[in-house]
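Student: The structure under discussion is supplied below as structure tokens; questions concerning it will follow.
Bear in mind that the values in this text are calculations on the coordinates, not laboratory data. Predicted, not measured: the structure shown is a model, and the values here were computed from it. For neighbour counting, all protein chains shown are included, and Cβ atoms are generated from backbone atoms with ideal geometry for every residue, glycine included.
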Amino acid sequence: MRVRFAKPFVKQLARLPRSTQATALARIDLMLAHPDDPLLRRHRLQGRLRHLWSIDITGDVRALYELVGDETVVYQLIGSHFELYG
């Protein structure tokens, strides 16, 4: 499976603390290897974001991604629950 990062995701990731950045990259790797790992709390979103999926990075930080075809995951946004949904 291929992973791509949208420009907003890259900018938002760069603003996070380095420890959160490292955790985010580790969780992305985990999602690729074991997408159903309960640590990720992976789920499809509803409403205006229904085309996206979410994984937990930390207690409050989420990464939102889009599935493109069968082989590509495009990470679109990352931030706190309030920043993303609020």
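Student: Using the per-residue mean of other Cβ atoms lying within 10 Å as a proxy for protection, in what order, highest first, do the peptides 34-47, 13-26, 71-84 fall? List each step's numbers first, then the result.
Tutor: On the way: 34-47: 11.3, 13-26: 13.3, 71-84: 16.9.
Listed from highest to lowest mean packing, they are 71-84, 13-26, 34-47.
Student: A follow-up question, please. Ordered by residue, what ³J(HN,Hα) values in Hz, to whole numbers, does the stretch 17-34 give under the Karplus form 6.51 cos²θ - 1.76 cosθ + 1.60, where θ = phi - 60° and Gly and Pro are x?
Tutor: Karplus-based 3J(HN,Hα) across the stretch 17-34 equals x, 4, 5, 6, 4, 5, 5, 4, 5, 5, 5, 5, 4, 4, 4, 5, 7, 9 Hz.
Student: Scan around VAL3 for amide H atoms under 5 Å from its own, H built in the peptide plane at 1.01 Å from N, and keep only partners 5 or more places away or cross-chain.
Tutor: VAL73
Student: Only one of the values (i) 12.5, 39; (ii) 11.8, 32; (iii) 16.3, 51 was calculated from this structure for Rg and Dmax of the Cα atoms in Å; name its label.
Tutor: Given (i) 12.5, 39; (ii) 11.8, 32; (iii) 16.3, 51, the structure-derived one carries the label (ii).
Student: A further question follows. With the contact rule set at Cα under 8 Å and sequence spacing of 6 or more, what percent relative contact order holds for the stretch 2-85?
Tutor: RCO, the stretch 2-85: 32 percent.
Student: Within a Cβ distance under 12 Å of MET1, other residues only, what is the Lys/Arg minus Asp/Glu net charge? Kindly include the intermediate steps, with their values, before the conclusion.
Tutor: On the way: positive: ARG2, ARG4; negative: ASP29, ASP70, GLU71.
Net local charge, MET1 excluded: -1.
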